[in-house]
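Participant: Once you've had a glance at the structure underneath, I'll fire off some questions.
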Amino acid sequence: MVAPVLEIEDLVCGYRGRAVTSAASFVVRPGEWLFLLGPNGTGKTTLFKTILRLLPPLAGRIRLDGENVAEWSARRFAARVGYVPQAQVTPFPFRVHDVVAMGRAAHLGPFATPGARDRTIAEQALRDLGILPLRDAAYTTLSGGERQLVLIARALAQQPVVLVMDEPTANLDFGNQIRLLAHVRRLVARGGIAVLMTSHDPNQALLYADRAAAVGRDGSLLVGKPTEIVTESYLHAVCGVDVRIADVVCPDGRLARLCLPMLRS
């Protein structure tokens, strides 16, 4: 089995000494996509911010490639972990290529600007995501889906071993959601990158995740295969809704599992 690149060990998260989550432990391996699920108010965002080192842990450890990152510099951490926020709007009409090249900052010295090699890496990230024709467009003129792909390209330009994504489809229409998730699936399959992503949509986890981690109302964390985690009982307990999990046969013969709400008359 491939060694994990990201290890979360007995991690307790919270604010000003008050714990919000129970001790959480899980790993993410290269070439694996793990979805972090949970409704608002369960500590999902707090756990996410702690993993990103935006909040200090109350207890436990975060390891990358077997090393505790507690003593790492911000620059070293940023060179290994890429971050894609929900959305980012800037009032400045930076060119797309320049926005993506900003992802090279963790690899540059103080006051340095991206060089030829950095711009080549940025251009390759655009090519990998199929948005190279946008390289000279102003970021402010792009659609929501295009902006999210540019943010992913910026994170990939960091050449991270772990890509962390905070509900990247939250503000996208259905078509752009599908396109973005398909792009990420291809990146995981061919690049060996590890992806940790938060989502409110259980169907995304069922369709795309290799594994899922679900935060309970009590702050506990349950980790396993998506079909083991996204269940009717879990969704009823944490979301208060009645659903049915159904298997659907796709036109190509694949079996997909979906979460269907029970509509009451």
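Coordinate-derived values only; no laboratory data. Please read these numbers as outputs of a predicted model, since none were measured by experiment. Note: ideal-geometry Cβ built from the backbone for every residue, glycine included; neighbour counts use all protein chains shown.
Participant: Using r as the Cβ-Cβ distance of residue 113 and residue 182, and R0 as 45 Å, what FRET efficiency do you calculate, to the nearest 0.05?
Facilitator: The pair residue 113/residue 182 has a calculated efficiency of 0.85.
Participant: Then there's this: Counting only helical runs of four or more DSSP H residues, what would the 222 nm mean residue ellipticity of the chain come to if each run contributes -39,500 (n - 2.57) and the total is spread over all its residues?
Facilitator: Rounded to the nearest 500, the figure is -9000 deg cm²/dmol.
Participant: Counting only residues 5 or more places away or on other chains, whose amide H sits under 5 Å from the amide H of residue 84 once H atoms are built in the peptide plane?
Facilitator: Distant-sequence amide H within range of residue 84: 164, 165, 166.
Participant: What's the ranking of 76-86, 227-237 by average number of surrounding C-beta atoms within 10 Å, highest first?
Facilitator: Per-residue mean Cβ counts within 10 Å order the peptides as 76-86, 227-237.
Participant: If you count, for each residue, the other Cβ atoms within 10 Å and average over each peptide, how do 136-142, 219-225 line up from highest to lowest?
Facilitator: Taking the mean over residues of other Cβ atoms within 10 Å, the ranking is 219-225, 136-142.
Participant: On to the next question. Grab every C-alpha pair in the stretch 6-226, bin the distances at 5 angstrom width from 0 up to the longest one, and report whole percents.
Facilitator: The calculated distribution, bin by bin, is 1, 7, 15, 19, 20, 16, 12, 7, 3, 0, 0.
Participant: Need the full-extension length gain, residue 63 to residue 189, defined as separation in residues times 0.36 nm minus the C-alpha distance. One decimal, nm.
Facilitator: Going from the current span to full extension adds 43.1 nm.
Participant: For a protection proxy built on the mean count of beta-carbon atoms within 10 angstrom, sort 240-249, 57-66, 41-50 highest first, please.
Facilitator: Ranked from most to least packed, the peptides come out as 41-50, 57-66, 240-249.
Participant: Then there's this: Any chance you could run the full-extension gain for residue 22 through residue 49? It's 0.36 nm times the residue separation minus the Cα-Cα distance, nm to one decimal.
Facilitator: Separation in residues times 0.36 nm, less the Cα-Cα distance, equals 8.2 nm.
Participant: Could you work out how much longer the chain between residue 239 and residue 207 gets when fully extended? Use 0.36 nm per residue separation minus the Cα distance between them, nm to one decimal.
Facilitator: 9.6 nm
Participant: Which percent of Cα pairs goes in each bin when the distances of the stretch 124-265 are cut into 10 angstrom slices starting at zero?
Facilitator: Percent of Cα pairs in each bin: 10, 36, 33, 18, 5, 0.
Participant: If you don't mind, another one. Report, in whole Å, the centroid distance computed from the Cα atoms of the stretch 219-249 and the stretch 35-60.
Facilitator: 20 Å
Participant: If Lys and Arg each add +1 and Asp and Glu each add -1, what is the summed charge of the other residues whose beta carbon sits under 13 Å from the beta carbon of residue 248?
Facilitator: Neighbour charge sum, excluding residue 248 itself: +1.
Participant: Within the stretch 185-216, what residues put their amide N at less than 19 Å from the label point 7 Å along the Cα-to-Cβ vector of residue 263?
Facilitator: Once the point is set 7 Å along Cα→Cβ of residue 263, 203 turn out to lie under 19 Å by backbone N, inside the stretch 185-216.
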